[in-house]
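S.K.: One structure, pasted below without further comment.
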Number of protein chains: 2
Amino acid sequence: MRILGLDPGLATTGWGLIQAEGNRLSHIANGQLTTKTSAGLPQRLASLGDQLDALIAEHQPDSAAVEEVFVNQNPQSTLKLGQARGVVIMTAARAGIDVGEYAARLVKKAVVGVGNAEKAQVHAMVARLLPGAKIAGPDAADALAVAITHAHHLATPRRIA
Amino acid sequence: MRILGLDPGLATTGWGLIQAEGNRLSHIANGQLTTKTSAGLPQRLASLGDQLDALIAEHQPDSAAVEEVFVNQNPQSTLKLGQARGVVIMTAARAGIDVGEYAARLVKKAVVGVGNAEKAQVHAMVARLLPGAKIAGPDAADALAVAITHAHHLATPRRIA
């Protein structure tokens, strides 16, 4: 089973693809999709959709997952993030891929073992759990972390409400 | 020139299509796209994208416009709205249609003549400006209002930042 973790953002969307065979996980690929801050919002969203379509066509994931969003930041940031997140989730769904959603606490628990781990700990554990993976950046590491979480929870996927 | 106004929302997205020939505006069609609240978010966003794709294919608008979003509501609502808005703007952009954005104050000024008009006044004026239009609901009326605004401002379109 090929699982695509996604960490949506308008400027940078992290992605990480892993293979799950029972309890064994292995790294396939990861990266960060970016859009030009000099372009208008419609062009940036269209570019994000195009890049994710190409990624899905290339790697043919069986399932996808995103992290639940913190909305206690400023409202303009929440709106921007929501727009990118909508494009990312829709693009995966229209490609016929189920999309799971996990709270940050669950991701930390799945990767580090405790729900209150620091981000740096999560990134360090992602690298240890997926030996040989050259991680493209912090957003790609977050995407791999949610992919790992999804692999652990596939027996009981959580539906996005 | 065929102008598609859009009022994005996850449950209901209003749309309104008008024809602008110089200063003359005429109504073509309007309606409201809906998604089932019983479905998961990925399916709802995919359905919204599918419906808007079909609408654009049927009506072939030359240009589109959305209203600027108020973000002083609760963060969860802002996130949900952002997700629907991202799908709507991306779908129009990927169909090769420019998408303009207008502040609510500008929409009220374009339709009613004053920037602090009540919503009911805006809806009444939309019906008067587009005689013969049977308006599908409040979201369709808002969409027609932003289409009218876009028609008035096409000489100097505002880019979405």
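S.K.: Looking at segment A:46-66, can you tell me whether even one residue there is hydroxyl-bearing (Ser, Thr, Tyr), out of contact with any Phe, Trp or Tyr (no Cβ under 9 Å at 6 or more places or on another chain) and more than 19 Å from A:Val146 (Cα to Cα)?
M.R.: Yes, some residue in segment A:46-66 is hydroxyl-bearing (Ser, Thr, Tyr), out of contact with any Phe, Trp or Tyr (no Cβ under 9 Å at 6 or more places or on another chain) and more than 19 Å from A:Val146 (Cα to Cα).
S.K.: All but one of (1) touching a strand residue (DSSP E or B) at 6+ places or on another chain (Cβ under 7 Å); (2) farther than 14 Å from A:Val146 by Cα hold for A:His27; state the number of the condition that does not hold.
M.R.: (2)
S.K.: Still on this model: Go through (1) touching a residue at least 60 places away in the same chain (Cβ under 8 Å); (2) part of a loop (DSSP other than H, G, I, E, B); (3) among the small types (Gly, Ala, Ser); (4) open to solvent by less than 20 Å² (accessible area, probe 1.4 Å) and name the single condition B:Ala136 misses.
M.R.: Among (1) touching a residue at least 60 places away in the same chain (Cβ under 8 Å); (2) part of a loop (DSSP other than H, G, I, E, B); (3) among the small types (Gly, Ala, Ser); (4) open to solvent by less than 20 Å² (accessible area, probe 1.4 Å), B:Ala136 violates only (4).
S.K.: Pick out the one residue from A:Val88, A:Val114, A:Val126 that is under 23 Å from A:Ile28 (Cβ atoms) and more than 14 Å from chain B (Cβ to nearest Cβ).
M.R.: Details: A:Val88 fails: more than 14 Å from chain B (Cβ to nearest Cβ); A:Val114 fails: under 23 Å from A:Ile28 (Cβ atoms).
Result of the check over A:Val88, A:Val114, A:Val126: A:Val126.
S.K.: Going through segment B:24-57 one residue at a time, which ones are open to solvent by 30 Å² or more (accessible area, probe 1.4 Å) and either basic (Lys, Arg) or in a helix (DSSP H, G or I) (or both)?
M.R.: Residues satisfying the conditions are B:Arg24, B:Lys36, B:Gln43, B:Ser47, B:Asp50, B:Gln51, B:Asp53, B:Ala54, B:Ala57.
S.K.: I'd like to check something: does segment B:147-154 contain any residue that is in a helix (DSSP H, G or I), in contact with a Phe, Trp or Tyr (Cβ under 6 Å, 6 or more places away or on another chain), more than 9 Å from chain A (Cβ to nearest Cβ) and more than 21 Å from B:Glu58 (Cα to Cα)?
M.R.: yes
S.K.: Further question on the same structure: Can you name the residue in segment B:139-156 that is among the small types (Gly, Ala, Ser) and either touching a Lys or Arg at 6+ places or on another chain (Cβ under 6 Å) or open to solvent by less than 40 Å² (accessible area, probe 1.4 Å) (or both) and, of all such residues, is nearest to B:Asn23 (Cα to Cα)?
M.R.: Of everything passing the filter in segment B:139-156, B:Ala151 is nearest to B:Asn23 (Cα to Cα).
S.K.: Related question: Among the residues of segment B:109-120, is any within 19 Å of B:Gly9 (Cα to Cα), among the basic types (Lys, Arg), outside any loop (DSSP other than H, G, I, E, B) and open to solvent by less than 30 Å² (accessible area, probe 1.4 Å)?
M.R.: No, every residue in segment B:109-120 fails to be within 19 Å of B:Gly9 (Cα to Cα), among the basic types (Lys, Arg), outside any loop (DSSP other than H, G, I, E, B) and open to solvent by less than 30 Å² (accessible area, probe 1.4 Å).
S.K.: Answer yes or no as to whether B:Gly96 is touching a Lys or Arg at 6+ places or on another chain (Cβ under 8 Å) and either at pLDDT 95 or above or not in a helix (DSSP H, G or I) (or both). Walk me through it before giving the result.
M.R.: Working: touching a Lys or Arg at 6+ places or on another chain (Cβ under 8 Å): no; either at pLDDT 95 or above or not in a helix (DSSP H, G or I) (or both): yes.
Criteria not met by B:Gly96.
S.K.: When the residues of segment B:70-107 are narrowed to those that are without any contact (Cβ under 8 Å) to a residue 24 or more places away in the chain and basic (Lys, Arg), which ends up least open to solvent (accessible area, probe 1.4 Å)?
M.R.: Among residues in segment B:70-107 that are without any contact (Cβ under 8 Å) to a residue 24 or more places away in the chain and basic (Lys, Arg), the one least open to solvent (accessible area, probe 1.4 Å) is B:Arg94.
S.K.: Is segment B:60-69 home to any residue that is outside any strand (DSSP E or B), surrounded by 15 or more Cβ atoms within 10 Å (Cβ to Cβ) and either at positive phi or of a type in the set (S, T, N, Q) (or both)? Full working, then the answer.
M.R.: Of the residues in segment B:60-69, the ones outside any strand (DSSP E or B) are B:60-62, B:68-69.
Filter again for surrounded by 15 or more Cβ atoms within 10 Å (Cβ to Cβ), leaving B:61, B:68-69.
Right, trim to either at positive phi or of a type in the set (S, T, N, Q) (or both) and you get none.
Checked segment B:60-69: no residue is outside any strand (DSSP E or B), surrounded by 15 or more Cβ atoms within 10 Å (Cβ to Cβ) and either at positive phi or of a type in the set (S, T, N, Q) (or both).
S.K.: Right, B:Leu144: more than 13 Å from every other protein chain (Cβ to nearest Cβ) and either of a type in the set (A, V, I, L, M, F, W, C) or more than 26 Å from A:Asn74 (Cβ to Cβ) (or both) or not?
M.R.: Considered against the rule, which asks whether it is more than 13 Å from every other protein chain (Cβ to nearest Cβ) and either of a type in the set (A, V, I, L, M, F, W, C) or more than 26 Å from A:Asn74 (Cβ to Cβ) (or both), B:Leu144 comes out as yes.
S.K.: Just for segment A:2-23: of the residues that are modelled with pLDDT of 95 or more and surrounded by fewer than 19 Cβ atoms within 10 Å (Cβ to Cβ), which one is nearest to A:Leu45 (Cα to Cα)?
M.R.: A:Ala11
S.K.: Which condition does A:Glu67 not pass, out of (1) touching a helix residue (DSSP H, G or I) at 6+ places or on another chain (Cβ under 7 Å); (2) modelled with pLDDT of 95 or more; (3) under 14 Å from A:Arg85 (Cβ atoms), if it passes all the others?
M.R.: All conditions pass for A:Glu67, except number (2).
The values are calculated or read from the model by the stated rules, or taken from the named source; none is laboratory data. On a predicted model such as this, the values are computed, not experimentally measured, just so you know. Virtual Cβ from ideal backbone geometry, glycine too; neighbours counted across all protein chains shown. These accessible areas exclude ligands, DNA and RNA; they are computed on the full protein's heavy atoms, side chains included. Shrake-Rupley method; radii C 1.70, N 1.55, O 1.52, S 1.80 Å.
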